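The values are calculated or read from the model by the stated rules, or taken from the named source; none is laboratory data. Just so it is clear, the structure is predicted and the values come from calculations on it, not from any experiment. Cβ placement follows ideal geometry from the backbone for every residue including glycine, while neighbour counts extend to all protein chains displayed.
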Amino acid sequence: MLFFAFCFISCATIFEDSPLTLLKEAYNHKKTKKAMVFMNGGNATTDNSLHVVLENADFKLTDAESGNVFIVDSDHNSAKLDSNAINLTWLSEKTLEISFDSKLRTFKKADEIDGVKIVYKER
């Protein structure tokens, strides 16, 4: 019985969420908004994923975050998930360009967040 309890407790951690890894951030010109790319490491049942979040400049990323703008994964390793997979460029105070690897599988793709227009460019 003790063996089964040990196995259950030790295996339960494979289903826990992994800590987030901040890969890059970009501020608009007046530094009132920032966009961040972070990796969610996944677990035994979910793949790693990249998220883009757009918030006020003083926003602090926590492990409970999910991307409010853009969420992608590698589509079964068709694309590499690293800091080069997504690029952020502020075209103006209220326009953010997200360029990304066309092999990424998209789960979320917002057009506007808090008055900021989002434009996408596949590469």
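Table: residues versus (1) in contact with a strand residue (DSSP E or B) (Cβ under 9 Å, 6 or more places away or on another chain); (2) under 19 Å from Thr21 (Cα atoms); (3) not aromatic (Phe, Trp, Tyr).
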{"position": "Phe70", "(1), (2), (3)": "yes, yes, no"}
{"position": "Ser78", "(1), (2), (3)": "yes, no, yes"}
{"position": "Ile86", "(1), (2), (3)": "yes, yes, yes"}
{"position": "Leu91", "(1), (2), (3)": "yes, no, yes"}
{"position": "Lys94", "(1), (2), (3)": "yes, no, yes"}
{"position": "Ser102", "(1), (2), (3)": "yes, no, yes"}
{"position": "Asp111", "(1), (2), (3)": "yes, no, yes"}
{"position": "Lys117", "(1), (2), (3)": "yes, no, yes"}
{"position": "Lys121", "(1), (2), (3)": "yes, no, yes"}
Check: Can you name the condition, by its number, that Leu22 falls short on among (1) out of contact with any Phe, Trp or Tyr (no Cβ under 6 Å at 6 or more places or on another chain); (2) outside any loop (DSSP other than H, G, I, E, B); (3) surrounded by fewer than 18 Cβ atoms within 10 Å (Cβ to Cβ); (4) not hydroxyl-bearing (Ser, Thr, Tyr)?
Finding: (1)
Next item on the list: Write out, first by first residue and then by second, each pair whose Cβ atoms fall under 8 Å of each other, whose residues are 6+ apart or on separate chains, and whose first residue, in the range 48-73, is of a type in the set (Gly, Ala, Ser) while the second is in a loop (DSSP other than H, G, I, E, B) and modelled with pLDDT of 95 or more.
Entry: Ser49/Leu81; Ala57/Lys31; Ala57/Thr32
Next item on the list: Enumerate the strands (runs of 3 or more DSSP E) found wholly within the range 56-123, keeping only those where 2 or more residues are basic (Lys, Arg), at pLDDT 95 or above and within 12 Å of the chain's Cα centre (by Cα).
Entry: 105-109
Check: How many residues, within the range 17-45, are within 16 Å of the chain's Cα centre (by Cα) and aromatic (Phe, Trp, Tyr)?
Finding: 1
